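Note sheet for the following structure.
Every number here is computed from the coordinates shown, using simple stated rules; none is lab data. Every value quoted in this text rests on a predicted model; they were computed, and no experiment measured them. Backbone-built Cβ (ideal geometry, glycine too); neighbour counts: all protein chains shown.
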Amino acid sequence: MLLKIKRIYDKSDKTDGYRILVDRLWPRGLTKEKAKVDLWLKDIAPSNELRKWYAHDPSKWREFKRQYFKELKNNQEAIDLIQKQKGIVTLLFGSKEEKFNNAIALKEYLVTK
């Protein structure tokens, strides 16, 4: 499996492969048809408490990842749903923050475990 990351608001194309939305909240202003999501895995997103605490503050990035990885360890079912995919898998996120978001952290978790 080849993991890619893409902002859900960016145009989809066939090189995206299997598209998985990894946010707890549905992206504003986007219809399901326009989003072209194959799977919405909201349970793999950070908890509401962690998401609100982090608030995409780069100074909290390391601690956010540590806490998020701890949550992911207790969510093997959702991890398995991603890992069983074949070919290209694109993790989709809605945040405007493209360097410090849960999709980036999730990809790091998946490739190191």
Close pairs from the stretch 35-57: first at negative phi, partner among the acidic types (Asp, Glu) and outside any helix (DSSP H, G or I), Cβ under 8 Å, at least 6 apart: 42/23; 45/23
Pairs with Cβ under 9 Å, 6+ apart, first in the stretch 67-78 and free of Cβ contacts under 8 Å to residues at least 40 places away in the same chain, second acidic (Asp, Glu): 75/43; 77/43; 78/43
Qualifying helices (runs of 4 or more DSSP H) (wholly inside the stretch 1-108; at least 1 residues being of a type in the set (A, V, I, L, M) and touching a strand residue (DSSP E or B) at 6+ places or on another chain (Cβ under 9 Å)): 32-35, 76-83
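Consider residue 85 carefully, then state whether it is under 22 Å from residue 113 (Cα atoms), among the polar types (S, T, N, Q) and without any contact (Cβ under 8 Å) to a residue 24 or more places away in the chain.
Numbers: under 22 Å from residue 113 (Cα atoms): yes; among the polar types (S, T, N, Q): yes; without any contact (Cβ under 8 Å) to a residue 24 or more places away in the chain: no.
For residue 85, the condition - under 22 Å from residue 113 (Cα atoms), among the polar types (S, T, N, Q) and without any contact (Cβ under 8 Å) to a residue 24 or more places away in the chain - is not met.
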